[in-house]
1. How large is the charge dipole for the stretch 111-253, taken about the Cα centre, if only the Cβ atoms of Lys, Arg (+1) and Asp, Glu (-1) carry charge, to the nearest 20 debye?
2. Please give the contour-minus-distance gain from ARG224 to ALA203: 0.36 nm per residue of separation, less the Cα-Cα distance, rounded to one decimal in nm.
3. Convert each backbone phi in the stretch 77-82 into a coupling constant with the Karplus relation 6.51 cos²θ - 1.76 cosθ + 1.60 (shift: θ = phi - 60°), then list the ³J(HN,Hα) values in order as whole Hz, x for Gly and Pro.
4. Of the listed pairs LYS186/LYS321; LYS27/LYS179; LYS27/LYS321; LYS117/LYS337, which have alpha-carbon separations greater than 25 Å here?
5. Please give me, ordered by residue number, the GluC sites (Glu not before Pro) of the stretch 119-215 that lie in loop per DSSP and have at most 14 other Cβ atoms within 10 Å.
6. Select from GLY139, MET303, GLY271 the residue farthest towards the positive end of the dipole of the chain; place +1 on Cβ of Lys and Arg, -1 on Cβ of Asp and Glu, and compute about the Cα centre.
7. For a quick check: sort ILE285, ILE91 by the number of other beta carbons within 10 angstrom, fewest at the front.
8. Just tell me which aspartates and glutamates come within less than 16 Å, Cα to Cα, of LYS63; anything on the same chain fewer than 8 places away is out.
Amino acid sequence: MRTYRIALLPGDGIGQEVIPAAVEVLKAVAQEFALSFQTFEWGCEYYRRTGTMMPEDGLERLKGFDAILLGAIGHPTVPDHISLRQLLLRIRFGFDLYVNLRPVEILPGLASPLRTKSAEDIRMIFVRENTEGEYCGLGGRFKAGTPDEVAIQQSVFTRKGVERILRYAFELARRRPRKRLASATKSNALNYTMVLWDEVLGALVREYPDVAVANYHVDALAARMITHPESLDVVVASNLFADILTDLGGALQGSLGLAASANFNPAHRSGPPLFEPVHGSAPDIAGRGISNPIAAIWAASMMLEHLGEPGAAARILTGLKTVTAEGRVRTPDLGGKSTTEEFAAEVMTQLARRPAPPPAS
């Protein structure tokens, strides 16, 4: 039987609630394969004890796993630029997980804040460049604490990095029925990095004549997500631009508690892929057992898809959508009174009603 080793990083706050919920769902669907879990207690509490978010050899300890499932990172006692950079960005950059994939769609039974738009109108998938751009961490501060203080934050765009993320987005668009790709840029103001982005896009367009391409300034694209979301399918953008646009996408879905993502390198196995809900650690509700596990369960489904178990991945997503469509079990952020555990249990009930098909003979 196939066995996949999964590293669990519940992290902080509600991450420690939604990851166990997702694990229970994963266990319920693992029938034709096995899952082996190991938990790492890295995060802000670990930082308060040790002065670092993860140990020095953390990446080496994660290398042998098939995938990583991350809950949430962040706590008011630890500055965000420390917690993010020392754990999540360290994993993304260290393993060169240059693709961040994030679906934006309305789950059955839920409504978007856009009153005139239906679930059929909002069905996008974002491809975010994940390992360079505006988040590369280069820069510094000069004359700190004086009236003449200067802070410099550098963005780095390489032709290799831009081409590989755009090419992945083209390939993804080519596989989807609509074959439509939108690119976010700002080359009217950023005359070096974004002009390079546009030039590489223009060169690749000739290789993909079957893909319809639109190139938007990022502010115009943000507006288009509100006014004409039905015109968007695959959207590709730089690290910063896609970070902002995908949070807008989460708002269109109705809650950041619904937003799942995958981080991976499709070209080679530089390290295990990472899957995560993209909501924060929500310390205001942590420990109350009412956090929404949808994004974590959705991320678990994306993980199984990536590992080569599409049947099990589809079963999880179908069970999840059945629960949201029925509307009986919902966490408080979606207007219900159910707990995290109750929602996960209902998903598992749906899985039990739809057993896996027998293996092909």
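Only the coordinates and a few stated rules stand behind these numbers; no lab work does. Note that the structure is predicted; figures quoted are calculated from it, not measured. Every residue, glycine as well, gets a Cβ built from its backbone with ideal geometry; the counts of neighbours run over all protein chains shown.
1. Dipole magnitude for the stretch 111-253 comes out near 400 debye.
2. Contour length minus Cα-Cα distance gives 5.1 nm.
3. With the stated coefficients, the stretch 77-82 comes to 7, 10, x, 4, 5, 7 Hz.
4. LYS186/LYS321; LYS27/LYS179; LYS117/LYS337
5. Those that pass, being in a loop and sparsely packed, are GLU120, GLU149, GLU207.
6. Positive-end residue among those listed: MET303.
7. Values: ILE285 17, ILE91 23.
Arranged by neighbour count, lowest to highest, ILE285, ILE91 become ILE285, ILE91.
8. Straight-distance partners of LYS63: ASP96.
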